[in-house]
Amino acid sequence: MKIYINNKELEVSGNEPLIEELNRNGYNIPSLCYAKEAKHQASCMVCMVKNIANGQMIPSCSTFPTEGMKIETDTEEVLSLRQMSLELLLSDHRADCEAPCTIVCPNKLDPAQILLYYDKTHPCPPCEGGSSHAEKDTPNTNKDLRESFPCYNCKAPCEKACRRGTVDKSVSIREIMIEMAENHPVLFENTPNGNSLPHREGRGGSVFSSKLGRYTNEEKEWLKEVYNDASHCLHCACEGRDKCKLREYSAQAGIKAPRYGVSSSLPVKEQIRVVGKLCYEPAKCIRCGLCVYNSEDGFTFHNRGFVMQVVIPEESKNHIKEQLATLCPTGALFLAP
């Protein structure tokens, strides 16, 4: 059959949803609640297109082509609606894509990665105030390292941005970075331009990073109790950030700061171990329903409307397979290391 996309004729089979026909022909329609060959229901409204015949906006993920259909995919009206849909979803998504310390680093380094490795290799009990306390090897204080290593002469804006500072005291990031470079130089070898530290690629203006908002007093007490590793780092960065479609599409839409802020009241960083390595973080869930519709007697909806949540009953955890994480469009479902 023939349909018309942005005034161009297109021959389609009519056997697949409109989004498949469009993407196959290079129109690149985004969607968060749809995955090919998976059960779904239109909910995110990010894949909206306009039916010229009646002027209605329709979800391309659940609409099948009809003979002579005329569709607009890239008008200002359509793109504006998609952006609004993304911003509404972001208001219900409580997460830091990147750790604040990584975002503000003037050398484009990734201190969050080093802090994570530090805590994995320093299992001793934390000291008061969050400062480094590990027993050090003989420091590698050669002149070349001191001249090339940016943390030695840095004013540590990472520590001013550290979220731990809103709980009690900022992590001693600069001290830990220097300690790791002196005692484990092999971690920092073979990086571009002689830079001694791991760094994040592609952190230019086109990369979107969501913010989780402020901690409640109850959350602060919980965080102090739970995050008491050697560094005292809260490990803010999202484990699923590199595969997050919500982040990708927000960047494509040019969103810098969502106009609606963060309205979710779900507990921050609450991680539920489902089965095996599969973890669920409710505060990052956008309620697309893919995990609900594609698990039998597993994930389910609780309540309705704005207070609706996706939950996993304790008795249903063994019905879930780890592969379900591949359907999640955010970092709400992820495989722990």
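The values are calculated or read from the model by the stated rules, or taken from the named source; none is laboratory data. What you see is a predicted model; the values in this text were computed from it and never measured. When we count neighbours, we look across all protein chains shown, and the Cβ atoms used for this are built from the backbone with ideal geometry, even at glycine.
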Problem - Boolean, residue 46 is outside the structural domain of residue 328 (by TED's automatic domain parsing), more than 20 Å from residue 252 (Cβ to Cβ) and hydrophobic (A, V, I, L, M, F, W, C) - result: no
Handout entry: residue 286 being touching a helix residue (DSSP H, G or I) at 6+ places or on another chain (Cβ under 6 Å), of a type outside the set (D, E, K, R) and either more than 23 Å from residue 36 (Cβ to Cβ) or surrounded by 16 or more Cβ atoms within 10 Å (Cβ to Cβ) (or both)
Key = yes
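For every residue, the table says whether it meets (1) surrounded by fewer than 21 Cβ atoms within 10 Å (Cβ to Cβ); (2) touching a Lys or Arg at 6+ places or on another chain (Cβ under 9 Å).
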position	(1), (2)
22	no, no
32	no, yes
37	yes, no
43	yes, yes
52	yes, yes
61	no, no
64	yes, no
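Residues 75, 102: which one is more than 30 Å from residue 158 (Cβ to Cβ) and among the β-branched types (Val, Ile, Thr)?
On the way: 102 fails: more than 30 Å from residue 158 (Cβ to Cβ).
The conditions single out 75.
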Problem - Odd one out for residue 80, checked against (1) within 24 Å of the chain's Cα centre (by Cα); (2) assigned to a helix (DSSP H, G or I); (3) in contact (Cβ under 8 Å) with a residue 40 or more places away in the chain; (4) farther than 30 Å from residue 162 by Cβ - result: (3)
Practice task
Return a yes/no flag: does the stretch 269-282 have any residue that is part of a helix (DSSP H, G or I) and either crowded, with 17+ Cβ neighbours inside 10 Å or out of contact with any Cys (no Cβ under 8 Å at 6 or more places or on another chain) (or both).
Solution key: yes
Fill in the blank from the handout: Screening 255, 312 for residues that are in contact (Cβ under 8 Å) with a residue 60 or more places away in the chain, more than 23 Å from residue 215 (Cα to Cα) and in contact with a Phe, Trp or Tyr (Cβ under 7 Å, 6 or more places away or on another chain) leaves only 255
Problem - Number of the condition not met by residue 283 [criteria: (1) among the small types (Gly, Ala, Ser); (2) modelled with pLDDT of 90 or more; (3) not assigned by TED's automatic domain parsing to the domain that holds residue 309] - result: (3)
Exercise for the section: Could you tell me whether any residue of the stretch 52-67 is aliphatic (A, V, I, L, M) and assigned to a helix (DSSP H, G or I)? Expected result: no
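Can you name every residue in the stretch 258-294 that is among the small types (Gly, Ala, Ser) and touching a residue at least 12 places away in the same chain (Cβ under 8 Å)?
261, 263, 264, 276, 283, 289
Within the stretch 216-258, how many residues turn out to be part of a loop (DSSP other than H, G, I, E, B) and under 30 Å from residue 175 (Cα atoms)?
Step one: filter the stretch 216-258 for residues part of a loop (DSSP other than H, G, I, E, B), giving 216, 227-236, 238-240, 244, 253-258.
This time we only want the ones that are under 30 Å from residue 175 (Cα atoms), so: 216, 227-236, 238-240.
Result for the stretch 216-258: 14.
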Fill in the blank from the handout: Counting only residues that are surrounded by 17 or more Cβ atoms within 10 Å (Cβ to Cβ) and farther than 20 Å from residue 334 by Cβ, the stretch 224-250 contains a total of 3
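Yes or no, residue by residue, for (1) modelled with pLDDT under 90; (2) under 16 Å from the mean Cα position of the chain (by Cα):
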| residue | (1), (2) |
| --- | --- |
| 85 | no, no |
| 103 | no, yes |
| 108 | yes, no |
| 116 | no, no |
| 122 | yes, no |
| 125 | yes, no |
Fill in the blank from the handout: Condition set among the hydrophobic types (A, V, I, L, M, F, W, C) and within 19 Å of residue 95 (Cα to Cα), scope the stretch 292-323, selection modelled with the lowest pLDDT: answer is 306
